[in-house]
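The values are calculated or read from the model by the stated rules, or taken from the named source; none is laboratory data. All of these numbers come straight from a predicted model, not from anything done at the bench. Here the Cβ is made from the backbone with ideal geometry for all residues, glycine too, and neighbour counts use every protein chain on show. Areas reflect the complete protein model, heavy atoms only, side chains present, ligands, DNA and RNA absent. Shrake-Rupley method; radii C 1.70, N 1.55, O 1.52, S 1.80 Å.
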Amino acid sequence: YALSKKGYRVTIFEASNRLGGALWLIPFYRLPEEVLRTAVNNLVRIAGIDVKFNSKLGENKLTLDKLRKEGYKAIFLAKGTPYPRVLTFDGVRVEGQDLSGVMYGHTLLYEVSHGNIGKNYFKDKKLIVIGGGNVAFDVARTARRLGGDVTVVCLESEDKTSRDGIPADEEEIRGAWEEGIRIVYSRGVQKIIGDRGKFKGIECPKCTSVFDESGFNPKFDCSDCIDLKGDLLIITVGQVPDRAFLQKEGLLDEKGRLVVEPFTLQSLRKDSVFIGGDVRRIGFMVEAMKEGIVAAESIE
């Protein structure tokens with residue numbers, strides 16, 4: 001939109017069949033569907049932006065180099081974080097994430113936004129949501145609205161003033177509590193329990209600290225462990241970018257990091273490629289929008 005206002009001809013290559021990206025994962029009780037759809041469509045219509053849907057970079061020979069050969073003078077890459085982060089304990093993937101009844105919060109929000117999950121889908125079901133961020137509470141409150149009996153389990157403590165305090169916003173936590181969602185603080189997941197291929201519960205040791213001098217590095221007291229039973233487990237511990245694509249396009253350095261000039265948002269590995277939004281740094285909607293504006297200024 002910012003580039004179009006400056007007189008440039010802009011094309012959006014959209015991987016799905018609708019614009020909006022991760023905004024569609026925000027529950028409709030927070031961001032109504034019609035508001036999102038109208039706002040995005042108006043931006044495209046007013047600015048006269050060309051949109052090519054179902055255009056996935058990395059597939060059908062659609063690469064950054066090919067786009068440049070087709071005459072595009074600059075490329076802004078905003079692929080976001082399309083994949084859920086898997087659950088780990090002490091740096092090792094927790095087994096059992098392929099059991100029936102185990103899913104990821106990212107997937108649930110996606111299916112709900114596409115209308116693939118109907119009313120009372122989780123009626124009479126006990127659900128456990130793993131995670132302490134706003135997205136985990138989006139998932140928990142969405143599952144509650146679909147009839148589920150929901151418990152949230154998080155590494156962090158209840159004290160938000162502590163470094164190890166739960167990161168979700170206060171209004172999200174209060175909203176969940178008012179809706180009858182239970183919250184179990186300072187617990188990790190060391191084992192997912194299954195029976196005949198179906199999820200049955202989790203083993204949760206006490207989390208004694210979440211961060212140390214090196215950053216995120218949870219510590220546990222495995223002598224203090226509780227079992228939680230449930231019908232469904234929804235893992236919501238973050239999202240990750242399409243690293244295979246970034247590697248293939250040569251946008252990562254020798255240590256596997258995405259290297260971007262922080263002031264201009266230009267890739268330090270490829271000329272005329274700019275990178276912004278969640279693929280660079282996961283944040284709030286308005287921060288991603290700001291990076292689009294910053295990138296537009298740099299491109300010009």
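When the chain is described by a simple charge dipole with +1 on each Lys and Arg Cβ and -1 on each Asp and Glu Cβ, the residue from 292, 12, 81 located farthest towards its positive end is 12.
Summing Cβ point charges (Lys, Arg +1; Asp, Glu -1) relative to the Cα centre of segment 117-161 gives a dipole of roughly 360 debye.
The separation of segment 89-149 from segment 216-256, counted between C-alpha centres, amounts to 16 Å. Just to be sure I understand: if I project the alpha-carbon convex hull of segment 206-266 onto a plane and average over all orientations, what area do I get in nm²? So the mean shadow area of the Cα hull is 7.8 nm².
The relative contact order of segment 1-135, computed from alpha carbon pairs under 8 Å that lie at least 6 residues apart in sequence, is 26 percent. Probing with 1.4 Å while keeping every protein chain in the model, the per residue accessible area of the chain equals 56 Å². Taking a 24 Å limit on the Cα-Cα distance, which of the listed pairs 5/52; 6/248; 6/56; 66/270; 123/200 fall beyond it? The answer is 6/248; 6/56. Here Cα Rg over 2.2 N^0.38 Å was calculated from the structure, and among [x] 1.04; [y] 1.09; [z] 1.17 it sits at label [y].
Compute the helix-to-body angle for 285-299: its Cα long axis versus the longest principal axis of the chain, expressed 0 to 90° and rounded to tens. The two axes meet at around 20 degrees. Axis angle, to the nearest 10 degrees, between helix 33-47 and the longest C-alpha principal axis of the chain: 10 degrees.
Placing +1 on the Cβ of every Lys and Arg and -1 on the Cβ of every Asp and Glu, with no other charges, gives segment 167-271 a dipole of roughly 580 debye about its Cα centre. Shown for the chain: the carbon plus sulfur share of the solvent-accessible area, taken with all protein chains present and a 1.4 angstrom probe, equals 50%.
When +1 charges are put on Lys and Arg Cβ atoms and -1 charges on Asp and Glu Cβ atoms, the dipole computed for the chain relative to its Cα centre reaches about 1100 debye. Computed from Cα atoms, the angle from the helix 134-145 axis to the main principal axis of the chain rounds to 60 degrees. Report the calculated FRET efficiency for residue 208 and residue 33 (r = Cβ-Cβ distance, R0 = 45 Å), to the nearest 0.05. In this case the efficiency is close to 0.60. Farthest toward the positive end of the dipole of segment 120-234, out of 130, 232, 190, is the Cα of 232, where the dipole comes from beta carbon charges about the Cα centre. Residue ranges 163-170, 129-136 sort as 129-136, 163-170 when ordered by packing (mean number of other C-beta atoms within 10 Å per residue, highest first).
For residue 206, the lysines whose Cα falls under 28 Å of its own Cα, not counting residues fewer than eight places away in the same chain, are 125, 126, 160, 191, 198, 219, 229. Set Lys and Arg Cβ to +1 and Asp and Glu Cβ to -1, take the dipole of segment 20-78 about its Cα centre, and tell me which of 28, 67, 48 lies farthest positive. Projecting each Cα onto the dipole axis, the largest value belongs to 67.
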